[in-house]
1. When the chain is modelled as a GNM with alpha-carbon springs shorter than 10 Å, which of Val90, Val76, Val15 fluctuates the most?
2. Measure out, as a whole number of angstrom, how far apart the alpha-carbon centroids of region 69-101 and region 1-42 sit.
3. Give me, ordered by chain and number, the residues 5 or more places off Thr30 or on other chains with an amide H under 5 Å from its own placed amide H.
4. Calculate one ³J(HN,Hα) per residue across region 98-111 by plugging θ = phi - 60° into the Karplus curve 6.51 cos²θ - 1.76 cosθ + 1.60, and present them in order as whole Hz with x for glycine and proline.
5. Treating the angle as unsigned and between 0 and 90°, give the value, to the nearest 10°, between the Cα long axis of helix 63-79 and the longest Cα principal axis of the chain.
6. Over the chain, what percent of the accessible surface lies on carbon and sulfur atoms, probe 1.4 Å?
7. Which order do peptides 55-66, 91-102 fall in by mean Cβ count within 10 Å, highest first?
8. Between rounded, prolate and oblate, where does region 50-104 land on the alpha carbon gyration tensor, with a ≥ b ≥ c its root eigenvalues, rounded for a/c under 1.5, else prolate if a/b exceeds b/c?
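The values are calculated or read from the model by the stated rules, or taken from the named source; none is laboratory data. Source: prediction; values computed, not measured. Cβ sites come from the backbone with ideal geometry, for glycine too, and all protein chains shown count toward neighbours. Areas reflect the complete protein model, heavy atoms only, side chains present, ligands, DNA and RNA absent. Shrake-Rupley method; radii C 1.70, N 1.55, O 1.52, S 1.80 Å.
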Amino acid sequence: MAGEPQADCLFCKIVAGEVPATLVRETATTVAFRDINPQAPTHVLVIPRAHYPDAASLAAAEPQLAADVLCETAAVAADEHVDDTGYRVVLNTGAGAGQTVFHFHAHVLGGRGLNWPPG
């Protein structure tokens, strides 16, 4: 069921403290931690504590929680000192777009030039 922890979800296990992660921020509704395979000097993932497989399902079910995640991306950028130099927030939806963990997450990338289009 959407919103409920999933036993086989890596990010649900991070939220539960069952899998270690380098946490950078936590709120009542979100957790932010460093990506284990960083693509930029700053690469932090911001996730909702509740399990939703992607951005569309989260936005449809809990728009305020989607807003919480987005607000936390800005807080992470400020904490990481990339808010003034520029940063990118990436939301991958589906395997074809590069999503590998199907628990909604926002990538906060910064600390280097981020040309467009990516990839």
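1. Answer for the Gaussian network model of the chain: Val90.
2. Cα centroid of region 69-101 versus Cα centroid of region 1-42: 14 Å apart.
3. Under 5 Å from the amide H of Thr30 lie the amide H atoms of Arg49, each far enough along the sequence or on another chain.
4. x, 6, 10, 10, 8, 10, 3, 8, 10, 8, 10, 10, x, x
5. 40 degrees
6. 56 percent
7. Averaged packing, sorted descending, gives the order 55-66, 91-102.
8. oblate
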